[in-house]
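Step one of this worksheet: look at the structure below.
Bear in mind these aren't lab numbers, they're just calculated from the coordinates by the rules spelled out. Since we're looking at a predicted model, the values are computed, not measured. For neighbour counting, all protein chains shown are included, and Cβ atoms are generated from backbone atoms with ideal geometry for every residue, glycine included.
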Amino acid sequence: MSHTLFGDLHLKAGKGASYWWPLIFEALGEGSFHLSTPGQPQGVVTYQYGPPQGSGRLEYVAVPFRVLWDEICEKLVIPRITFWLSGEDDIDLYVTLHSQQDLRDERISVAFAGAHVMEEPSEQAQYLLGKVFDALKWLVVVCQVTWGELFWEHAGIAYAPWVTFGRPPDPPTWERPMLPGPQRKLIQQTVPGGGQVYLLDPVPIARLREEWEFVSLME
């Protein structure tokens, strides 16, 4: 069963995709993730898409950015866009904007494959996880996220978050347990604009054989 790091960031509703996506592009650019697909001409982007109703299988495409932007503005697709970590051509981050038709609920979803860190040395795995954390903090700042969380999912279990945004983490539950490991320290950070980040440090990194390693993101 695969390990995936998920982030959910809730937004002030009522804006729509053509408002949020430029801010998402800006934020992730500040967070060292870019759109241009490695090995393709500059400006070609990769994304998955399904119908606006959200049902059906996702399809992969690689197109010039202008084509993607037209489809976003015309609401032809709900894209799951691939962003690439600068200097690491094989490290990607999937980002989706979820928006109800009446715009009453809008949120950003981020997915990062555990396979990117599972076999890496501790130092490199710590670096990559830190980059994902930094990217989400930029999203919090630029998009003025109301609240959110970052958590691991494995074998159908969504574990308790190790980072929350906007409010402290809730206690673990039977449905969302905390991964067993060392004692964590709750660290509160203030990001530009006054947003609050709550980090339970050290943080878990997925390893082979369903094991976990814990590293500090404060070092």
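Restricted to Cα atoms, the chain shows a radius of gyration and a Dmax of 17.1, 49 angstrom.
Give the residue list of GluC sites (Glu not before Pro) in the stretch 67-97 that are DSSP loop and have at most 12 other beta-carbon atoms within 10 angstrom.
Hits after loop and neighbour filter: E74.
One way to sum up the overall shape of the stretch 75-145 is the equivalent ellipsoid from its Cα gyration tensor, whose semi-axes run 27, 14, 10 Å, largest first. Under 1.5 on a/c is rounded, so check that first for the stretch 57-182, then, if it is not, pick prolate when a/b is larger than b/c and oblate when it is not; a ≥ b ≥ c are the square roots of the alpha carbon gyration tensor eigenvalues. Verdict is oblate for the stretch 57-182. Would you kindly state the longest site-free stretch of the chain, with sites defined as trypsin sites (Lys or Arg not before Pro) in a DSSP loop (not H, G, I, E, B) surrounded by at most 11 other Cβ atoms within 10 Å? It runs 105-219. Taking all Cα pairs closer than 8 Å and separated by 6 or more residues, the relative contact order of the chain comes to 23 percent. Taking the centroid of alpha carbons for each part, the stretch 121-194 and the stretch 1-34 are 15 Å apart.
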